[in-house]
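The values are calculated or read from the model by the stated rules, or taken from the named source; none is laboratory data. Computed from a predicted structure; not experimentally measured. Cβ placement follows ideal geometry from the backbone for every residue including glycine, while neighbour counts extend to all protein chains displayed.
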Amino acid sequence: YPNSVAMPAALREYILNETVVWIVPMVNPDGLHKFWYTSGYLGRKNANGVDLNRNYPFYWKSGNEMASSGSSSSYKYRGPEPASEPETKAMMQLAKEQRFLFSVSFHTYATRVLFPYTPDGAANPYPDPAVFLARRMAAPGTSYRTTRQYEAARKLYSVDGTDQDWLYHEFGTMAFIVEGSMSTPSYEDALKSVAGMRPVILEGLRAIKEGPRLRLRVEDARGGPLGNARITVLSRTSYEGEKWPVTDEFGEADLFLAPEEEVIGEIQAPGFETVRFRLECSSVCVRRFQLTPIPR
């Protein structure tokens, strides 16, 4: 689109060469078919009649019937149990395998960058890097509707069992829902809506490149990678028992930071002594830790 913001060359090279990007074009094709040919309200539902974005385990069936419904006739039916649907299971399995640093789910049409946590009663960690990143992403966005510009928000209304809340709680993924500015626009208006959304996504990608974030590399005494080492952020106040990063098969884990955040943490791995660390970082900081085996 002529007025769309192009990705800067340096950022493009970084994303292509230094990251792995997964794109899921559509999670709920059955819902899209219903949206177009039956009813807009049914667009939330999959073939089993379940609203997939109320089917994830975090705060599923929170007790607030305004957030989701146990009635299969409701357009916000949460399903018979957490992660009951094949689409939900597939997305959760992908997340478990990849342990994403950053995730965006595209929705319409509130012109918002929605950050976790969504449910009423759920308390965010402090400091909370997701809030800062959401505000950063929303700032350059341009809405097709001039009366409603992009803003960062925790929620639009009461919801539980969402994907971004589960991703943030389970892996520390910076997970957001980006709501575009149009629902069913004309072709020309759709191009404008997408063009206005592009700066939001580019700012999120820029944060991956620029930080602040830590990349921790955990090794054994011989320098070999230690997978499944647990990183615990002691300096953050946690209210929901977040499961913060676990190292991958290469012994690496990433952690986004709030601005000027000093991180006090510890690294634990079975059979190794626990290591504590204190770090500050204003960009992307790579730190290497070698763990000592526990004497037998």
query = Can we say Glu81 is assigned to a helix (DSSP H, G or I), over 13 Å from the mean Cα position of the chain (by Cα) and of a type outside the set (Phe, Trp, Tyr)?
reply = no
inquiry  = Of the residues Tyr56, Tyr41, only one is among the aromatic types (Phe, Trp, Tyr) and under 14 Å from Ser84 (Cα atoms); which?
reply    = Tyr56
key: Of residues in the stretch 63-72 being in contact (Cβ under 8 Å) with a residue 24 or more places away in the chain and either out of contact with any Ser or Thr (no Cβ under 8 Å at 6 or more places or on another chain) or crowded, with 19+ Cβ neighbours inside 10 Å (or both), the one nearest to Val27 (Cα to Cα)   = Ser68
query = So, of the residues in the stretch 131-162 that are part of a helix (DSSP H, G or I) and touching a strand residue (DSSP E or B) at 6+ places or on another chain (Cβ under 6 Å), which turns out to be surrounded by the fewest Cβ atoms within 10 Å (Cβ to Cβ)?
reply = Arg135
remark   = Pro295 vs (1) loosely packed, with under 15 Cβ neighbours inside 10 Å; (2) in contact (Cβ under 8 Å) with a residue 40 or more places away in the chain; (3) over 23 Å from Gln98 (Cα atoms); (4) of a type outside the set (Val, Ile, Thr): all pass except (2)
Qualifying residue in the stretch 39-53 (condition: among the hydroxyl-bearing types (Ser, Thr, Tyr), in the same structural domain as Asp160 (by TED's automatic domain parsing), part of a helix (DSSP H, G or I) and surrounded by fewer than 19 Cβ atoms within 10 Å (Cβ to Cβ)) = yes
query = So, of the residues in the stretch 159-202 that are within 16 Å of Phe115 (Cβ to Cβ) and hydroxyl-bearing (Ser, Thr, Tyr), which turns out to be farthest from the chain's Cα centre (by Cα)?
reply = Thr162
query = Do we find that Tyr59 is touching a Pro at 6+ places or on another chain (Cβ under 7 Å), among the hydroxyl-bearing types (Ser, Thr, Tyr) and assigned to a loop (DSSP other than H, G, I, E, B) in this structure?
reply = yes
query = Mind checking whether some residue in the stretch 217-230 is at pLDDT below 95, among the polar types (S, T, N, Q), part of a loop (DSSP other than H, G, I, E, B) and over 30 Å from Met7 (Cβ atoms)?
reply = yes
task = Pick out, from the stretch 243-296, the strands (runs of 3 or more DSSP E) lying fully within it that include 2 or more residues that are within 15 Å of Val233 (Cα to Cα) and touching a Lys or Arg at 6+ places or on another chain (Cβ under 6 Å).
result = 252-256, 262-268
ask   = Taking the stretch 6-26 on its own, how many of its residues are aromatic (Phe, Trp, Tyr) and either surrounded by fewer than 10 Cβ atoms within 10 Å (Cβ to Cβ) or part of a loop (DSSP other than H, G, I, E, B) (or both)?
value = 1
